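Just so it is clear, none of the values below were taken in a lab; they were calculated from the coordinates. Source: prediction; values computed, not measured. Backbone-built Cβ (ideal geometry, glycine too); neighbour counts: all protein chains shown.
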Protein chains: 2
Amino acid sequence: SEVAKLLELKAHLGTDDGKHSFVLKTPKGTRDYNPKQMAIRDKVFNIIIGCFKRHGAETIDTPVFELKETLTGKYGEDSKLIYDLKDQGGELLSLRYDLTVPFARYLAMNKITNIKRYHIAKVYRRDNPAMTRGRYREFYQCDFDIAGQYDPMIPDAECLKIVHEILSDLQIGDFRIKVNDRRILDGMFSICGVPDEKFRTICSTVDKLDKASWEEVKNEMVGEKGLAPEAADKIGEYVSMQGGADLAEKLLKDPILSQNKQAYSGLTDMKELFKYLELFNVTDKVIFDLSLARGLDYYTGVIYEAVLTQNQMEAQPQKQQNDHSTDEPVSVGSVAGGGRYDGLVGMFDPKGRKVPCVGVSIGIERIFSIMEQKAEASEEKIRTTETQVLVASAQKNLLEERLKLISELWAAGIKAEVMYKKNPKLLSQLQHCEETGIQLVAIVGEQELKDGVVKLRNVATRGEENVPRANVVEEIKRALQS
Amino acid sequence: SEVAKLLELKAHLGTDDGKHSFVLKTPKGTRDYNPKQMAIRDKVFNIIIGCFKRHGAETIDTPVFELKETLTGKYGEDSKLIYDLKDQGGELLSLRYDLTVPFARYLAMNKITNIKRYHIAKVYRRDNPAMTRGRYREFYQCDFDIAGQYDPMIPDAECLKIVHEILSDLQIGDFRIKVNDRRILDGMFSICGVPDEKFRTICSTVDKLDKASWEEVKNEMVGEKGLAPEAADKIGEYVSMQGGADLAEKLLKDPILSQNKQAYSGLTDMKELFKYLELFNVTDKVIFDLSLARGLDYYTGVIYEAVLTQNQMEAQPQKQQNDHSTDEPVSVGSVAGGGRYDGLVGMFDPKGRKVPCVGVSIGIERIFSIMEQKAEASEEKIRTTETQVLVASAQKNLLEERLKLISELWAAGIKAEVMYKKNPKLLSQLQHCEETGIQLVAIVGEQELKDGVVKLRNVATRGEENVPRANVVEEIKRALQS
């Protein structure tokens, strides 16, 4: 490691020719977006923001960093992944880890008790990046939250409806939304014989079931966390259960579980939730799954997580066909998650006043990856500009005519470009249109100048027509519409 | 200071009742945007992005932090204002200070030699904030840059055209755009007797002329920076000059200045620039001002800065009327700046290959402040949601009917809300519409259910009509258009 540092130092010190040699890269776990990626990102954002607005949400923004203490004690075991800023004198600051804690801080600070808001912004986690699978250290979250004291499960159901709408609108393949409730988990832990003080840490272990086998999870519970093997086995029976409203019904009849107050409230609410989801027409994708736990400390009620599912042939086209024996949907990763956190705002309020909240966070890096792959695979060319007209010249010494004309087009709101050369070749001007998808060329030439006209050329059809210079704006608008 | 730290520590340790006491605030120099401020921000962004797209720009994005060494040596005296991240193992990182250096890094890294791009993002400076005047530590920049080897002053002129368009479109009062050229400044320094090695530091001092008097600036030149008083006096004569193409003409005839190669190129280009600005119809606001210097190190050619101007009565309405004796426009602060930086990309290229660039950065915090004040002063109510319809109920026990109906509206792309109560009062539902500007209420009631209709109520006119439940989507779409 010392050697590695020295080698890195040497690499930075410069080369023989005396020039300073830079490491030309973005920081680990981050990336630039090029114009094509931005076009895809915009498309994704428009679908997501469109959905949030359809559901009547306002939007807010908060700083990229918060006081360090604002983030302290909110994330449990994940706190070690927070980026701190250097102490350069003044306040101790950290980059935001999610948008939920800043939202709770915002509500408490402004004494807001009712709001439905969305917030789309980057968050920061010093995690091990796996960028090909869409895991970054700087990544976007698209959050929608409903704060306020309301009747049970109505806002919760809307959050799930939103996940369903967004994942359907994005057209990135099939998906499932798993739901559970922290109260059901806690009740289950209690009746299985987990000591109270181990609820959160056993919950963290259960959360690993989407990546690890039950054997591994049990080993962690018993070996690392000191749980009795019988308790673990009882948990094992519960966390294998999946279903819908029927499972909630069944568990309400479980004589031991339903005696637990927490579990009983959770199961009653789960029944209610499925009733609303039925009315919202989304039960086809929602699964009540007792193994869903979610890592973060702040959830207090319903929790959920959406995963994309693909059969293996789609997911791994390079694999041999005989390698997959089933058409069962296989999870390829979480793209949304959330839940109810009724205690978080109270942690910021000087008097501990609570504001019940429920929300969902769409993680879009994985969605970008899929959309990018789709875009690359398709023949369709992505435009990265919206330019409608190129103002071109057919001969030399016409720069002034071009600048005068384009100035009129801009004033009329027409999106137009001009080549930054005094005497560009007509061919290179036409090529620029072909390459960037510009529909129309407005050509000034010596003959056209004499005749008081401008030549309009349709790039796709190559059709040309002369229009009067005086009416050029109207004629271009007409040509763009045809 | 040690006492202050201890007091602060004590404040954080908690109060008598055992509750942890937080400092509920955003970090110094930062702020949240509430939904109304976001509505204004969106409006400003739409105008700016609209202009950038009208001029054919693509967009990119870069990470909020860069490798520390990427920013090193680019900003001259301002480098001390860079935010560093804490060394938590791994790379040394800093928050971006502007969008120009990351853009140059992006070009070099991807070997791009031609691009016209915009980038709107937050940048970070550990400056002394003055938030009432729109000076923050976290603030947005809206950058438009043209990279590529082109004929002189054509892209430069388009940057100025863009500033003119945006500041006009924003309707935030009159403005001026000052232009100068680093080559003219360097030539001027040379003939006034400034030693070569003092060009950059004297340039930084000249840059203070917009805030400080000539006396103060001269004192800094002579006292702090050791310039001969005669040299300073010669500079003083030049930097008092303002004009247009005529001033460039006049200085080209200055026998000493025009003998300087740098100054001669700068002045010739300035004449050319004004020719293009004339064709773009923007010379009414552009001033060739020899006192404009700009602080940053990386400029190599034309530089510019836009300032808002107001007469004092507008600017300080609380001041007594007889206090202002003139209607002369008074600068209230810079809102845009930029220039040509032909050497920056080469600093990142391993072989030092240059990519000429020119660009402009719109600083919008000050613009937000003005727009916010305007919005507060005006009677017009700002909507923070786009909700078109509230799905309401006239009696109890109609939640399921409301949820079923709103689900149909969402599926049809109609922006709709429902109150999250099982039995909300009709009056409170109507009040919600009045408060948030929702145009239409779709009311389900017992009688309507029996009759197979939904009652549509226009919130503004209070007119009501019953429409068939089966056609409710079409009827609502019709009602929204009328």
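Some notes on this structure:
- Within chain A, longest stretch free of exposed GluC sites (Glu not before Pro) [DSSP loop, at most 10 other beta carbons within 10 Å]: A:1-378
- Nitroxide proxy distance, nm - points 7 Å out along Cα→Cβ at residue A:208 and residue A:111: 4.6 nm
- Restricting region A:181-222 to trypsin sites (Lys or Arg not before Pro) in coil, as DSSP defines it, with at most 12 other Cβ within 10 Å: A:211
- For chain A, the longest principal axis of the C-alpha atoms and the axis of helix A:229-239 are separated by about 50°.
- What the pair-distance distribution of chain A shows, using all Cα-Cα distances binned every 20 Å from zero, is 19, 41, 28, 11, 1 percent.
- Applying 1/(1 + (r/R0)^6) with R0 = 25 Å to the Cβ-Cβ distance of residue B:72 and residue B:199 gives a FRET efficiency near 0.75.
- Averaged over the residues of B:46-58, the number of partner chain Cβ atoms lying within 10 Å of the residue Cβ comes to 5.
- What separates the residue B:408 label point from its copies, with the point 7 Å along Cα to Cβ, is 5.3 nm, written shortest first.
- Counted over chain B, the DSSP beta bridges are approximately 80% antiparallel.
- Within the protein assembly as shown, DSSP assigns beta bridges of which about 80% are antiparallel (rounded to the nearest 5).
- Distant-in-sequence amide H partners of residue A:333 (H built 1.01 Å from N, under 5 Å): A:308
- Dimensionless Rg/Rh of the protein assembly as shown - Kirkwood Rh, Rg from C-alpha atoms: 1.00
- Annotation for region B:67-157: trypsin sites (Lys or Arg not before Pro) lying in DSSP loop with at most 12 further Cβ atoms inside 10 Å of their Cβ are B:111.
- Angle of helix B:2-13 to the longest C-alpha principal axis of chain B, folded into 0 to 90 degrees and rounded to 10: 20°.
- Remark: region B:389-481 projects, on average over all directions, an area of 5.3 nm² (convex hull of Cα atoms).
- Scattering profile of region A:374-433 at q = 0.13, 0.15 Å⁻¹ [log10 I(q)/I(0), Debye over alpha-carbon scatterers]: -0.42, -0.53
- The angle between the Cα long axis of helix A:154-170 and the longest principal axis of the Cα atoms of chain A comes to about 40 degrees, rounded to the nearest 10.
- Taking chain B and dividing mean pair separation by its residue count, relative contact order in percent (alpha carbons under 8 Å, at least six apart): 14 percent
- Principal semi-axes in Å for region B:59-132 [√(5λ), Cα gyration tensor, largest first]: 22, 17, 12
- When only alpha carbons are used to place a centre, region B:378-452 and region A:369-415 end up 44 Å from one another.
- Inter-copy label distances at residue A:427 (7 Å, Cα→Cβ; nm, one decimal): 8.0
- Estimated 222 nm signal from helices in chain A, with DSSP H stretches of n ≥ 4 weighted -39500 (n - 2.57), rounded to 500: -11500 deg cm²/dmol
- Counting 0.36 nm for each residue step from residue B:23 to residue B:382 and taking away their Cα separation leaves a gain of 126.1 nm.
- Projecting 7 Å from Cα along the Cα-to-Cβ direction, the label point of residue B:477 sits 2.7 nm from its equivalents in the other copies, listed shortest first.
- Normalised contact order of region A:389-481, rounded percent, pairs of Cα under 8 Å and 6 or more residues apart: 28 percent
- Nearest-0.05 FRET efficiency for residue B:434 and residue A:482, computed from C-beta distance (R0 41 Å): 0.35
- For region A:163-209 versus region A:465-481, the spacing of their alpha-carbon centroids is 61 Å.
- C-alpha center-to-center spacing [region B:35-98, region B:232-263] in angstrom: 36 Å
- 22 Å Cα-Cα threshold exceeded, pairs from A:43/B:53; A:161/A:285; B:36/B:455; A:404/B:43: B:36/B:455; A:404/B:43
- Per-pair calculated FRET efficiency, R0 = 56 Å: residue B:372 and residue A:133 via Cβ, rounded to 0.05: 0.85
- Residue-averaged beta-carbon neighbours from other chains (10 angstrom radius) around B:116-124: 2
- Taking amide H positions as modeled 1.01 Å from N, with prolines and chain starts lacking one, the residues under 5 Å from residue A:444 and 5 or more places away or on another chain are A:392, A:393, A:394.
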